[in-house]
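Enquirer: Sending over a structure as C-alpha cells; questions will come in a sec.
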Amino acid sequence: MTIKGVLFDFDGTLTHPGALDFPAIKLELGCPVDQPILEYLETLAPAKRARLMKILEEKEDIAAKASRPNRGAEKCLNDLKNRGILLGILTRNSLSSIKKALQQFQGITTQDFSAIITRDVSQPKPHPDGVIQAARKMGLKSSELLVVGDFRFDVMAGNAAGARTALLTDGERPVMVSEDPEPDFTISHLEAIFDILEDIS
Ligand SMILES: [Mg+2]
C-alpha cells in the first residue's frame, strides 16, 4: 500500500541526537539503567512520582531549548509536505517540549503537522496507541503510515499498529534487541525516506 503519511519520532530523529542525556537523567531520578523513565515513574508512590516528574520536565525543558534540527530534517519535512505526504510526530516527550524545540526549525511550525501525539494524550511507545491515534487524526489507515524513529520503541509501536517502520541509525551501536520486530527499513539519514517512498509506491 502507498505511504500517505510519515509519523516521526521527535528526539534524536527530527532533532540532533544527544540533547536529552537519558543516562544522566536516570541517575538523577534513581531510575535503573535498564528501565525506561516513564515506566519507572509509574511504579512509584504518587508524591514521589510527582516530585520526580517535575525534575524530568525541567530536564526536558532545558534539552528542548538546546536542541537543534537533525541533519536534513527541515528539508526532508518541506519536501514531504510539497509532495502531499502528511506529517506527524509521535513522542514520549511532552507537548510543551515539542513546541519549544520546533521553534529552532527554519520554515517549519506545529501547523505543518497533521498530528502531534505526545505522552499527554496517548499511552507511550512501545504501545501502539499513539500510532493509531496519529493515523486517525491524519485521516489515514495505520498501514498507510511510515513510522520513522531512532529507538526500538519506535519500531515496536509502528509494527504493532500495522504501520511500515524505518529505523534511523548512526550505524554505531545496535538499537534493537534479538526478540524485537525487524524494522522494514534501516536508514542512516532522513533523506533516505524518499528512497523508501519510491520503493513502495
Ligand atoms: Mg528518539
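The values are calculated or read from the model by the stated rules, or taken from the named source; none is laboratory data. Predicted model only: the values in this text are computed from it and were never measured. Every residue, glycine among them, receives a Cβ derived from its backbone with ideal geometry; neighbour counts consider all protein chains shown. For accessibility, only protein heavy atoms count, side chains too; no ligands or nucleic acids. Shrake-Rupley method; radii C 1.70, N 1.55, O 1.52, S 1.80 Å.
Enquirer: What do you reckon, is A160 more than 23 Å from Q35 (Cβ to Cβ), touching a Pro at 6+ places or on another chain (Cβ under 8 Å) and free of Cβ contacts under 8 Å to residues at least 60 places away in the same chain? Quick ask: steps written out before the conclusion?
Expert: Working: more than 23 Å from Q35 (Cβ to Cβ): no; touching a Pro at 6+ places or on another chain (Cβ under 8 Å): yes; free of Cβ contacts under 8 Å to residues at least 60 places away in the same chain: yes.
Considered against the rule, which asks whether it is more than 23 Å from Q35 (Cβ to Cβ), touching a Pro at 6+ places or on another chain (Cβ under 8 Å) and free of Cβ contacts under 8 Å to residues at least 60 places away in the same chain, A160 comes out as no.
Enquirer: So how many residues does region 153-178 have that are modelled with pLDDT of 95 or more, farther than 19 Å from M1 by Cβ and open to solvent by 40 Å² or more (accessible area, probe 1.4 Å)?
Expert: 1
Enquirer: So if I check each of R173, R119, which one is assigned to a loop (DSSP other than H, G, I, E, B), within 17 Å of T91 (Cα to Cα) and within 16 Å of the ligand (Cβ to nearest atom)?
Expert: Details: R173 fails: within 17 Å of T91 (Cα to Cα).
Going through R173, R119 in turn, just one is assigned to a loop (DSSP other than H, G, I, E, B), within 17 Å of T91 (Cα to Cα) and within 16 Å of the ligand (Cβ to nearest atom): R119.
Enquirer: For region 127-170, give me each residue that is on the phi < 0 side of the Ramachandran plot and either among the hydroxyl-bearing types (S, T, Y) or in a loop (DSSP other than H, G, I, E, B) (or both). Give the derivation first.
Expert: We begin by selecting, within region 127-170, every residue on the phi < 0 side of the Ramachandran plot; these are 127-138, 140-161, 163-170.
Scanning region 127-170 gives H127, P128, L140, K141, S142, S143, D150, F151, A163, T165, T169, D170.
Enquirer: Every residue in region 33-65 that is part of a helix (DSSP H, G or I), open to solvent by 50 Å² or more (accessible area, probe 1.4 Å) and not basic (K, R), please. Step through it out loud before you land on a result.
Expert: We begin by selecting, within region 33-65, every residue part of a helix (DSSP H, G or I); these are 37-42, 46-65.
Subset that is open to solvent by 50 Å² or more (accessible area, probe 1.4 Å): 39, 42, 46-51, 53-54, 57-59, 62, 65.
Those that are part of a helix (DSSP H, G or I), open to solvent by 50 Å² or more (accessible area, probe 1.4 Å) and not basic (K, R): E39, E42, P46, A47, A50, M53, E57, E58, I62.
Enquirer: In addition: Given I89, I55, which one is in the same structural domain as H127 (by TED's automatic domain parsing) and either β-branched (V, I, T) or touching a His at 6+ places or on another chain (Cβ under 6 Å) (or both)?
Expert: On the way: I55 fails: in the same structural domain as H127 (by TED's automatic domain parsing).
Answer to the selection: I89.
Enquirer: Let me ask you something else. Which of the numbered conditions does R92 fail, given that it passes all the others? Conditions: (1) exposed (fewer than 15 other Cβ atoms within 10 Å of the Cβ); (2) within 16 Å of the ligand (Cβ to nearest atom); (3) not aromatic (F, W, Y).
Expert: (1)
Enquirer: Now for a separate question. Take the conditions within 23 Å of K81 (Cα to Cα), exposed (fewer than 15 other Cβ atoms within 10 Å of the Cβ) and without any contact (Cβ under 8 Å) to a residue 60 or more places away in the chain and apply them to G139. Does it pass? Break it down stepwise before answering.
Expert: Working: within 23 Å of K81 (Cα to Cα): yes; exposed (fewer than 15 other Cβ atoms within 10 Å of the Cβ): yes; without any contact (Cβ under 8 Å) to a residue 60 or more places away in the chain: yes.
Against the criterion (within 23 Å of K81 (Cα to Cα), exposed (fewer than 15 other Cβ atoms within 10 Å of the Cβ) and without any contact (Cβ under 8 Å) to a residue 60 or more places away in the chain), G139 qualifies.
Enquirer: Filter region 106-144 down to residues that are under 20 Å from A73 (Cβ atoms) and out of contact with any Ser or Thr (no Cβ under 9 Å at 6 or more places or on another chain), then give me how many there are.
Expert: 10
Enquirer: For the structure I just gave you, tell me whether F10 is out of contact with any Ser or Thr (no Cβ under 9 Å at 6 or more places or on another chain) and aromatic (F, W, Y).
Expert: Answer is no for this residue.
Enquirer: Still on this structure: Looking only at region 1-32, count every residue that is over 14 Å from T169 (Cα atoms), open to solvent by 60 Å² or more (accessible area, probe 1.4 Å) and within 15 Å of the ligand (Cβ to nearest atom) and tell me the total.
Expert: Number of matching residues: 3.
Enquirer: A follow-up question, please. For R68, work out the one condition from (1) in contact with a strand residue (DSSP E or B) (Cβ under 7 Å, 6 or more places away or on another chain); (2) open to solvent by less than 60 Å² (accessible area, probe 1.4 Å) it doesn't fulfil.
Expert: (2) is the only condition that R68 fails.
Enquirer: Still on this structure, please answer the following. Could you grab me the full set of residues in region 131-156 that are in contact with a Lys or Arg (Cβ under 8 Å, 6 or more places away or on another chain), within 16 Å of the ligand (Cβ to nearest atom) and farther than 23 Å from Q35 by Cβ?
Expert: L146, V147
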